[in-house]
Amino acid sequence: MNLQQHIEELFSRQPDAYGDEYFAAFDEFKVALNAGDIRAAEPDPGSPTGWKVNAWVKKGILLGFRIGRVVEMAPVELQFRDKHTYPLKQIPLGWNIRVVPGGSSIRDGCYIGRNVTCMPPMYVNAGAYVDDGTMIDSHALVGSCAQIGKGCHLSAAAQIGGVLEPVGALPVIIEDDVLVGGNCGVYEGTVVGKAAVLAAGTILTGSTPVYDLVRDTVHRSEEDRPLMIPSGAVVVPGARAVTRGRGKEWGLSLYTPVIIKYRDEKTDQAVRLEELLR
């Protein structure tokens with residue numbers, strides 16, 4: 001059987017102990033994850049979201065946690081203890097990936113493309129996919145199975161949530177050339193389209209409506225479709241007035257993201273400044 005069939009068959013079992021067959025299959029699976037040959041989600045032009053979920057890859061990641069045992073991880077002085085199936089990723093020098101000294105970790109079982117820059121402290125979890133030329137800034141998180149495109153900038157304290165379970169759910173997708181500002185949070189399978197800009201402090205979740213002032217519409221998730229930020233959109237934190245009850249009396253407003261424009265030459269010049277930092 002092929003790797004997908006083997007992983008799905010092993011995942012469906014509930015043995016009392018895990019033998020060599022499990023570890024051999026998982027090692028083969030992790031090599032493919034590290035190389036970017038398989039991924040938790042991949043582009044699919046025929047899908048309404050432009051992406052499809054590979055549930056079997058998520059099952060393989062979960063299988064690694066199931067079969068792993070807690071072991072000491074070098075250097076012992078730092079007291080790392082984790083599942084032995086997910087040690088620190090080994091990165092060849094020739095890939096020109098900068099991992100600046102500090103409290104950063106990249107968990108084995110993820111894909112890191114060429115010329116990625118990682119500023120401490122940052123963290124990339126198993127199952128994530130980070131494409132070429134992206135910058136992951138300090139205190140940024142790339143969650144399990146999150147998909148990050150080429151040439152993105154995840155600014156300081158950006159949180160890109162992972163969606164590992166349920167296995168059929170779309171993970172967070174950040175497409176090529178997206179700028180995610182400081183202290184942003186993108187969660188619950190949100191898709192951020194190519195070249196979009198999320199201003200500092202923008203939070204996107206499955207229950208967050210996004211008000212598009214340019215196209216006079218509201219973007220929101222549906223039962224069969226996640227929240228999707230259009231390509232080139234510039235999203236900023238905004239507020240919506242409470243119009244009834246005590247909220248109106250007290251003059252309260254609720255947070256909401258707002259699309260104020262789509263990328264133009266001025267926006268592109270500001271984004272290009274990020275290249276100087278890489």
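The table below gives the values:
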read-out: Any hit, region 104-118, residues being basic (Lys, Arg) and at pLDDT below 90; value: no
read-out: Count - residues of region 216-245 that are of a type in the set (A, V, I, L, M), farther than 15 Å from residue 194 by Cβ and under 19 Å from the mean Cα position of the chain (by Cα); value: 1
read-out: Some residue of region 197-211 being farther than 30 Å from residue 126 by Cβ and loosely packed, with under 15 Cβ neighbours inside 10 Å; value: yes
read-out: Region 219-241: number of residues that are touching a strand residue (DSSP E or B) at 6+ places or on another chain (Cβ under 6 Å), surrounded by 11 or more Cβ atoms within 10 Å (Cβ to Cβ) and either over 25 Å from residue 154 (Cα atoms) or among the small types (Gly, Ala, Ser) (or both); value: 5
read-out: Number of positions in region 171-192 that are assigned to a loop (DSSP other than H, G, I, E, B), more than 11 Å from the chain's Cα centre (by Cα) and buried (at least 19 other Cβ atoms within 10 Å of the Cβ); value: 4
read-out: Subset of region 30-41 [surrounded by 14 or more Cβ atoms within 10 Å (Cβ to Cβ) and in contact (Cβ under 8 Å) with a residue 60 or more places away in the chain]; value: 30, 33, 34, 36, 39, 40, 41
read-out: Filter pass, residue 163 being assigned to a loop (DSSP other than H, G, I, E, B) and in contact (Cβ under 8 Å) with a residue 40 or more places away in the chain; value: no
read-out: Subset of region 45-88 that is among the basic types (Lys, Arg) and either over 22 Å from residue 190 (Cβ atoms) or part of a helix (DSSP H, G or I) (or both) - its residue that is modelled with the lowest pLDDT; value: 81
read-out: Region 145-190, residues that are under 15 Å from residue 58 (Cβ atoms) and small (Gly, Ala, Ser); value: 146, 161, 162, 168, 169, 189
read-out: Complete set of residues in region 98-130 that are over 25 Å from residue 65 (Cβ atoms) and part of a loop (DSSP other than H, G, I, E, B); value: 100, 101, 102, 114, 115, 119, 120
read-out: Restricting region 1-44 to residues that are of a type in the set (Asp, Glu) and part of a loop (DSSP other than H, G, I, E, B), the residue that is farthest from the chain's Cα centre (by Cα); value: 16
read-out: Subset of region 126-152 [over 21 Å from residue 51 (Cα atoms) and crowded, with 22+ Cβ neighbours inside 10 Å]; value: 135, 136, 140
read-out: Failed item in (1) within 15 Å of residue 107 (Cα to Cα); (2) surrounded by fewer than 17 Cβ atoms within 10 Å (Cβ to Cβ); (3) not hydrophobic (A, V, I, L, M, F, W, C), with residue 64 passing the rest; value: (2)
read-out: Residue ID - nearest to residue 134 (Cα to Cα), chosen from residues in region 201-220 that are at pLDDT below 95 and small (Gly, Ala, Ser); value: 206
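The values are calculated or read from the model by the stated rules, or taken from the named source; none is laboratory data. In this text the structure is predicted, and so the values were computed from the model without any measurement. Here Cβ is always computed from backbone atoms with ideal geometry, including for glycine, and neighbour counts include all displayed protein chains.
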